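My structure is below; once you've seen it, I'll send some questions.
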Amino acid sequence: MADKDNNDGGMDQMFQIWEQGQNAFFKAQTEAMETFNKSFENMPDFSGQIKQTDSFPAWDNFIKSWVPDWDPNIFANQSGEFSNQFTKSGNAFLALLEPANWTKYAPEQLRVILQSIAEGPKFADLATPQHEAAETWRETLDYTQAAADMGKVMQDAWVRTYGRFNKDYSIEDLKAPNPEEAMNAWLGAANHELLETQRSPEYMDAQRRMIRSSTEIKARQKDLAEAWSEMYQMPTRTEMDDLIKTVHELRRELRKVKRELASLKAV
Amino acid sequence: MTAVEPDKNGNPLEELSLAQEAWMLAWQQMLQTGERMLKSNGFLGEVKNEDVAIAETPADVVFEVDKVRLLRYKPLAKTRTDIPPMIICYGLFGRQTMIDLQEDRSLVRNLLMAGIDLYVVDWGNPTRADQFLNFDDYVERYLGSCVEHVFEANGNKPVNMFGICEGGTFATMLAAFRPELFAGLALAITPIDFHGDQDNFWRGEGFLNSWVGNLTKDDIDLLIDTHGMLPGEMTGAVFSSLTPIASMTKYNIGLARMEGNEAMMLNFLRMEKWIADRPDHPGEAARQWLNDLYRENQLVNGEFEICGEKIDLKKISCPVINIYAEQDHIIPVSCSKALGKFISKKNYDEIGFPGGHVGVFVSRKAQGVVAGGLVDWLEKKQGKSAAKKKQNRKKA
């Protein structure tokens, strides 16, 4: 537990952020360098003239060092396998493109730390701006994470759409006299996948978190605008809202009284 | 589908020619689409916003309360005295101009041509100053006052109400709260049971119900407290996401397919004009709509209150016709049809329209099915022949 008198807790947490961030950075660098070394291991000597027969295996080796189960024939094999190349293997190259793989480490640790700062005890004359900054930072992280998760959900939906379309359509089909049919099939496949995705728990969860965090950011902006208004002797949004509410309630009471008077007159 | 073998060196060369062929095909398609798109772009370059006119049927403002106006339409045929006047009440998520989008697709014109004395409620343009307006205000104060006005103009006799979408929910609540004002209640695409038959939703049906159900009460409170209102841009985005591909392709493939056809382009632009004019929803009323109705389903549970009084749908005593859209993405059929459980069989009729939420009003087919069905129902329940039948029954 942090020492409240010395406020050492905040420093410890800052060190933790720094240390974990640095570890994540070095780990990523090491993995990337290992793969780089591996990809250039079997390269032919290109210092002289490049032989036609060497270039394809060299390119193939290079790609396979990043994508071990890469199959160049996949472009011609229109059975839907192409789309799986992007999802089935956790290989190094595709992992770089996968937001869920690189957004979930440090931000989550950082989020926990920021949450603990924001939810920690508040002092009358100390560290109020830091509390608010931690909360703002946490809200921004939440939004970034939710947006990345939503991006992944939608990316998966489009990959599935491609697979679905690929299963049913080949180039021969596209040569048909009316290619509108293929276009409609593509739109139909996309509509199907997007509607399915929208019902999925992953989509719902990411969207809820996006709405929540963007609203929190908006509320924070409102606080800042109010601080600015106060600084320049202008009425704040909250004060205006209070006035509107008062007028609204008065009008409601007036209407009630009028109705009571009318019913009394009727008697 | 043909499997392609690599060449003698094991290189996948064949794929290159296939890929080239595919690119050529795609390129040809792009050229053809581009040509069609140019025709539509040419039209868009010439047409002005003022050329895209909606809601042109002439009307007078006969009553106002705050921002709410009651419009009375000028007759287009001899006004029928046997059928009581009708008030149309749209919701707050869009504008009532939808029901008079263009001359040949106008519920308003169809009813006027049938001799109905027609009024329409215009909710105005709510701003943050209206954020504390709630269902008490919209149902009892605003809609109630409009109905009272027409009731008095009709010689203190009950009138007909046609409620649409959220406006249908307002109308239903008022019909249960003040049944003495109503001669008949017509509803279209109106949610009553906000949960519906979730186990039997078709793909794409009930997304809005799941979307709201996925939010917590606290999420909704934060949203309303922060914005004051439920922003029109947000509700517009949610509605667009209900038909994802149609929303993504309307400005590209959709426009190209129109090939500059004037009638099609103007229909499209009128609809765009209506969509773009989406007001913010007053905050407190939106909080009740989302929390009390969508999340807690208080109306069918008999828990929803207007002015401190619980709304009992069984108190609706007038004849009811309930029009629903069979392919409605926004209001599931089961959410609308639930009203039938609360109304006596002799007083309850339904029309299932084979189309979507907005199609109920703007499609060509709807002009006969919806407006025609409504006029037939009025004739059957309130027309001269109905009155004669009643007299005969009394005599007998």
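The values are calculated or read from the model by the stated rules, or taken from the named source; none is laboratory data. What you are looking at is a predicted structure, and each value in this text was computed from that prediction instead of being measured. Counting neighbours? That spans all protein chains shown, and the Cβs are built from the backbone with ideal geometry, glycine included.
Hey, can you tell me all the residues within the stretch B:272-292 that are out of contact with any Phe, Trp or Tyr (no Cβ under 8 Å at 6 or more places or on another chain) and over 22 Å from residue A:248 (Cα atoms)?
Within the stretch B:272-292, B:272, B:273, B:274, B:275, B:276, B:277 qualify.
Take residue A:222 and tell me if it is part of a helix (DSSP H, G or I), under 30 Å from residue B:140 (Cβ atoms) and not β-branched (Val, Ile, Thr).
no
Another question, if that's okay. Can you find a residue in the stretch A:196-214 that is facing another protein chain (nearest Cβ under 10 Å), in a helix (DSSP H, G or I), under 16 Å from the mean Cα position of the chain (by Cα) and exposed (fewer than 15 other Cβ atoms within 10 Å of the Cβ)?
Checked against the condition, which is being facing another protein chain (nearest Cβ under 10 Å), in a helix (DSSP H, G or I), under 16 Å from the mean Cα position of the chain (by Cα) and exposed (fewer than 15 other Cβ atoms within 10 Å of the Cβ), the stretch A:196-214 yields at least one hit.
Then there's this: Determine, yes or no, whether residue B:233 is charged (D, E, K, R), more than 11 Å from chain A (Cβ to nearest Cβ) and either part of a strand (DSSP E or B) or over 23 Å from residue B:307 (Cβ atoms) (or both).
Here the answer is yes, as residue B:233 does meet what is asked.
So is residue B:96 polar (S, T, N, Q) and in contact with a helix residue (DSSP H, G or I) (Cβ under 6 Å, 6 or more places away or on another chain) or not?
no
When you go through A:184, A:178 one by one, which is the residue that is under 30 Å from residue B:26 (Cα atoms) and outside any helix (DSSP H, G or I)?
Only one candidate passes the filter, namely A:178.
Please count how many residues of the stretch B:205-218 are buried (at least 20 other Cβ atoms within 10 Å of the Cβ) and either within 9 Å of chain A (Cβ to nearest Cβ) or not in a helix (DSSP H, G or I) (or both).
The number of residues fulfilling the criteria is 5.
Does residue B:135 fit the bill of being within 14 Å of chain A (Cβ to nearest Cβ), farther than 29 Å from residue A:255 by Cβ, touching a residue at least 12 places away in the same chain (Cβ under 8 Å) and of a type in the set (Phe, Trp, Tyr)?
No; evaluated as a whole, the condition is false for this residue.
Please list, ordered by first then second residue, the pairs with beta carbon atoms under 7 Å, 6 or more apart or interchain, first in the stretch B:244-261 and within 13 Å of chain A (Cβ to nearest Cβ) and buried (at least 18 other Cβ atoms within 10 Å of the Cβ), second basic (Lys, Arg) and outside any loop (DSSP other than H, G, I, E, B).
As it stands, the answer is B:256/B:36, since those pairs meet every condition given.
Further question: Confirm whether residue B:187 is surrounded by 21 or more Cβ atoms within 10 Å (Cβ to Cβ), more than 14 Å from chain A (Cβ to nearest Cβ) and either in a helix (DSSP H, G or I) or among the charged types (D, E, K, R) (or both).
Taking the combined requirement at face value, the residue does not satisfy it.
At least 2 residues that are at pLDDT below 95 and surrounded by 14 or more Cβ atoms within 10 Å (Cβ to Cβ) in each: list the strands (runs of 3 or more DSSP E) lying fully within the stretch B:8-125 that qualify. Before you say what the answer is, go through the steps one by one.
Numbers: elements: B:59-65, B:68-73, B:86-89, B:100-102, B:118-122.
Because the criterion is at least 2 residues that are at pLDDT below 95 and surrounded by 14 or more Cβ atoms within 10 Å (Cβ to Cβ), the strands (runs of 3 or more DSSP E) in the stretch B:8-125 that meet it are B:100-102.
Hey, any hits in the stretch B:296-318 for a residue that's under 18 Å from the mean Cα position of the chain (by Cα) and at pLDDT 95 or above? If you could, list the steps in order and put the result at the bottom.
Pass one, the stretch B:296-318, residues under 18 Å from the mean Cα position of the chain (by Cα): none.
Checking the stretch B:296-318: not a single residue is under 18 Å from the mean Cα position of the chain (by Cα) and at pLDDT 95 or above.
If you take the residues of the stretch B:313-327 that are surrounded by fewer than 20 Cβ atoms within 10 Å (Cβ to Cβ) and polar (S, T, N, Q), which of them is nearest to residue B:344 (Cα to Cα)?
Here the residue is B:317.
Please go through the stretch B:301-312 and give me each residue that is surrounded by fewer than 20 Cβ atoms within 10 Å (Cβ to Cβ) and touching a residue at least 24 places away in the same chain (Cβ under 8 Å), ordered by number.
The answer is B:307, B:309, B:312.
Separate question: So residue B:171 clears everything in (1) in contact (Cβ under 8 Å) with a residue 24 or more places away in the chain; (2) surrounded by fewer than 24 Cβ atoms within 10 Å (Cβ to Cβ); (3) outside any strand (DSSP E or B) except one condition, right? Which one?
(2)
Could you give every pair whose Cβ atoms fall below 6 Å, whose first residue belongs to the stretch B:12-36 and is within 16 Å of residue A:183 (Cβ to Cβ), and whose second residue is modelled with pLDDT of 75 or more and assigned to a helix (DSSP H, G or I), counting only separations of at least 6 or pairs across chains?
B:33/B:256; B:36/B:256
Give me a count of the residues in the stretch B:174-183 that are touching a Pro at 6+ places or on another chain (Cβ under 6 Å) and either buried (at least 23 other Cβ atoms within 10 Å of the Cβ) or of a type in the set (Val, Ile, Thr) (or both).
Of the residues in that region, 1 qualify.
When the stretch B:186-219 is examined, which residues are found to be hydrophobic (A, V, I, L, M, F, W, C) and closer than 22 Å to residue B:134 by Cβ?
Listed by number, the residues that qualify are B:187, B:192, B:194, B:208, B:212, B:215.
Report, ordered by the first and then the second residue, all pairs with beta carbons closer than 8 Å, sequence separation of six or more or different chains, a first member in the stretch B:63-74 that is farther than 14 Å from residue B:95 by Cα, and a second member that is modelled with pLDDT of 95 or more and in a loop (DSSP other than H, G, I, E, B).
Hits for this filter: B:66/B:124; B:72/B:117; B:73/B:57; B:73/B:58; B:74/B:57; B:74/B:58.
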